[in-house]
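The values are calculated or read from the model by the stated rules, or taken from the named source; none is laboratory data. Please read all numbers here as calculations on a predicted model, not as lab measurements. Cβ sites come from the backbone with ideal geometry, for glycine too, and all protein chains shown count toward neighbours. Note: areas computed on protein heavy atoms with side chains; ligands, DNA, RNA excluded. Shrake-Rupley method; radii C 1.70, N 1.55, O 1.52, S 1.80 Å.
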Amino acid sequence: MSERREGVLDEGTVEARLKAELPHWRLEDGWIRRTYKTAGWKGTLMVINTVGHLAEAAWHHPDLTASYAWVEVRLMNHAAKGITEKDFALAKKIEEVVSWQPALEGQGLEGTPSDPRFAYIKYDK
């Protein structure tokens, strides 16, 4: 039986919270993960820089893997050696900012045009 580290959430709690709070994220190999699909390299770099800014401001740093049209964000509290509240807090902020669709808010911001020349991120339906 493994000992429970202070502040580390058990797997069942993590799975339930992801389902309820971050449905596009998943638990895999001890990390909470999210893959953002982009329209190409420009969008990929924008996602990486956005995540980098949020992580630095939070002083909680994810692991990233990227390719031409996607970015995978992985969060796990390295010091605690598991998933903690810090991981959920940063994941929520990343999700809020990267998935933001201004046009859906009806406050005058148009959002990125659908024209492929300007495409940025492929939003989840």
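Note on the range 65-82: residues that are open to solvent by 70 Å² or more (accessible area, probe 1.4 Å) and free of Cβ contacts under 8 Å to residues at least 60 places away in the same chain total 4. The residues on offer are Glu96, Glu85, and the sole one that is open to solvent by 70 Å² or more (accessible area, probe 1.4 Å) and within 26 Å of Tyr68 (Cα to Cα) is Glu96.
Scan the range 63-121 for residues that are acidic (Asp, Glu) and either at pLDDT 90 or above or under 13 Å from the mean Cα position of the chain (by Cα) (or both) and the total you get is 6. Just one of (1) among the charged types (D, E, K, R); (2) under 15 Å from the mean Cα position of the chain (by Cα); (3) more than 18 Å from Asp124 (Cβ to Cβ); (4) surrounded by 13 or more Cβ atoms within 10 Å (Cβ to Cβ) fails for Glu15. It is (2).
Residues that are aromatic (Phe, Trp, Tyr) and exposed (fewer than 13 other Cβ atoms within 10 Å of the Cβ) are absent from the range 100-109 altogether.
Taken together, the criteria exclude Ala39 from residues that are more than 21 Å from Asp124 (Cβ to Cβ) and in contact (Cβ under 8 Å) with a residue 12 or more places away in the chain. When Leu90 is tested against the conditions (1) in contact with a His (Cβ under 9 Å, 6 or more places away or on another chain); (2) open to solvent by 40 Å² or more (accessible area, probe 1.4 Å), the lone failure is (2).
Only one of these is under 30 Å from Pro116 (Cβ atoms), of a type outside the set (Ser, Thr, Tyr) and not in a strand (DSSP E or B): Ala16, Ala57, Ala91. Name it.
Working: Ala16 fails: under 30 Å from Pro116 (Cβ atoms); Ala57 fails: under 30 Å from Pro116 (Cβ atoms).
Criteria check complete, one pass: Ala91.
Filter the range 27-54 down to the residues that are of a type in the set (S, T, N, Q) and either outside any helix (DSSP H, G or I) or open to solvent by less than 50 Å² (accessible area, probe 1.4 Å) (or both) and list them by number. Walk me through it before giving the result.
Of the residues in the range 27-54, the ones of a type in the set (S, T, N, Q) are 35, 38, 44, 49-50.
Passing the criteria: Thr35, Thr38, Thr44, Thr50.
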